[in-house]
Amino acid sequence: MKTGLLLAVGLVTGVLGVWVLAPPAAPRASTSPAEVAHSASAPAVAAATASAAAPAVSAPAASAPAGSLLLPVQGIAATQLQDTFTDARSEGRVHDAIDILAPAGTPVLAVADGTVEKLFDSERGGLTLYQFEPSGRYCYYYAHLQRYADGIAEKKAIRRGEVIGYVGSTGNASPDAPHLHFEIHRLGAERQWWKGESLNPYPVLRGDVTLD
């Protein structure tokens, strides 16, 4: 019994010794709300900084193929065009143009960049507009206009897609069939608005061929 008592006392003494000699556990660092917010926002800040440092990449500007023309009547698709270039007209004439039917008042658009060379009210064409393209090689002729767009004047620079007038039936066009009469002329060295070689606009406006 005496031996058992000694063993018990020794066991208790050993446990107490381990507890006393063991190093105290390091206290857990407290995290303040500000520290939590900073830690959580660190990835976002880093991402934002990287994004700001990266150069912006802009999409390439769309440009029209060289020698192509915009369809000159708003809302009309190329598939709606009809080739009337060689159609016969009164007094033995050939049409030398295409007619693009559209409701009266439909905007007429400049087919390319250029300059308004001449505004003219003729017996056959009614209100007409002659446009020279920048190189002076081609003239674009718009006829039977209901009216010109506001601000249109001779020698005014116009841009591709700009509204220059409105579909009508002036001149010898039928009021029952308002349309745009459109021609392309290859100009001679004299560059006269009333004179030039007529080219068929139909394949050009459809994108089948381009002007050289």
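Observations on the model:
- Against the test of being in contact with a Gly (Cβ under 8 Å, 6 or more places away or on another chain) and either farther than 15 Å from Phe182 by Cβ or modelled with pLDDT under 95 (or both), the options Glu133, Glu91 yield a single qualifying residue, Glu133.
Conditions tested, residue by residue: (1) open to solvent by less than 20 Å² (accessible area, probe 1.4 Å); (2) assigned to a loop (DSSP other than H, G, I, E, B); (3) closer than 19 Å to Asp87 by Cβ; (4) touching a Phe, Trp or Tyr at 6+ places or on another chain (Cβ under 8 Å).
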site	(1), (2), (3), (4)
Asp121	no, no, no, no
Leu129	yes, no, no, yes
Ser135	no, yes, no, no
Ala143	yes, no, yes, yes
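- Residue in region 94-112 that is of a type in the set (D, E, K, R), open to solvent by 60 Å² or more (accessible area, probe 1.4 Å) and assigned to a loop (DSSP other than H, G, I, E, B) present: no
- Which listed residue is assigned to a loop (DSSP other than H, G, I, E, B) and open to solvent by 70 Å² or more (accessible area, probe 1.4 Å), from Ala189, Ala173: Ala189
- Long-range neighbours under 7 Å by Cβ, at least six apart or interchain, first residue aromatic (Phe, Trp, Tyr) within region 165-183, second open to solvent by 40 Å² or more (accessible area, probe 1.4 Å) and modelled with pLDDT of 95 or more: Tyr166/Gln146; Tyr166/Arg147
- Residue list for region 105-128, restricted to those being more than 20 Å from Leu211 (Cα to Cα) and more than 25 Å from the chain's Cα centre (by Cα): Lys118, Leu119, Phe120, Asp121, Ser122, Glu123, Arg124, Gly125, Gly126, Leu127, Thr128
The values are calculated or read from the model by the stated rules, or taken from the named source; none is laboratory data. None of these values were measured; they are calculated from a predicted model. So basically every Cβ, Gly included, is an ideal-geometry build from the backbone, and we count neighbours across all protein chains shown. Quick note on the areas: whole protein, heavy atoms, side chains included, nothing else; ligands and nucleic acids left out. Shrake-Rupley method; radii C 1.70, N 1.55, O 1.52, S 1.80 Å.
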